[in-house]
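The block underneath contains the structure these notes are about, expressed in structure tokens.
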Amino acid sequence: MGTNMNDAAAALGRVLLSVIFLLSGFQKLTGFGGTVAYMGGMGLPVPELAAVVAILVECLGGILLVIGYQIRLVGLVMALWCIATALVAHAQFADQNQMIHFLKNVAMAGGFLQLAAFGGRRVEPRCPMGEERTAGVNHEFTRGMSVRGKVIVGRDKIRWLLGRHIVPACNSRRGEPQFR
């Protein structure tokens, strides 16, 4: 897939992950009394606080997923939330419906862990044509450095410092990252 297609797929994936949380969070907000009663019926201590936390995590997490802000952190929080709610609300395995909800939460946690691990694709300007850049590096730092009497600069300096690991660089005519 091309870069634009990957960016679009990642954005659509985040929106699709957010839908269930936005709907559920806003339902909890509009029916706050019922939400508190439900949380109390599940035996949660301080059901009012549990309801407020659920609303905040689901609404705020859903919104942040849609806008793509702090994707790794949001992914981690939402993964933990999915596991916690699976264990607290859907652990009645004798009920097939609850088992399906449990497995749904576990599967969503897996998707959120992918976001936590790899982040969301960012829609940002590519490197200008002909300008070489290395992702995530302070470019003031990439100026010349002397190693055993030899001056090394740019990507070679970074490779030397990182032990010659793969370093992404943007230097193609179309501005797509190239890995060397």
Estimated distance in nm for a label pair at ILE20 and VAL66, the labels positioned 7 Å out from Cα along Cα-to-Cβ: 1.8
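If you take every residue apart from VAL19 with its C-beta less than 14 Å away from the C-beta of VAL19, what net charge results, scoring Lys and Arg +1 and Asp and Glu -1?
Numbers: positive: ARG14, LYS104; negative: GLU58.
Taking every Cβ under 14 Å from that of VAL19, the sum is +1.
Taking a ≥ b ≥ c as the square roots of the Cα gyration tensor eigenvalues, with a/c under 1.5 meaning rounded and otherwise prolate when a/b beats b/c, else oblate, which class fits segment 40-108?
Details: a/c = 2.82, a/b = 1.38, b/c = 2.05.
It is oblate, given that a/c is not under 1.5 and a/b is not larger than b/c.
Since every read-out is calculated from the coordinates, none of them should be taken as a lab result. As the structure is a prediction and not an experimental result, all values here were calculated from the model. For neighbour counting, all protein chains shown are included, and Cβ atoms are generated from backbone atoms with ideal geometry for every residue, glycine included.
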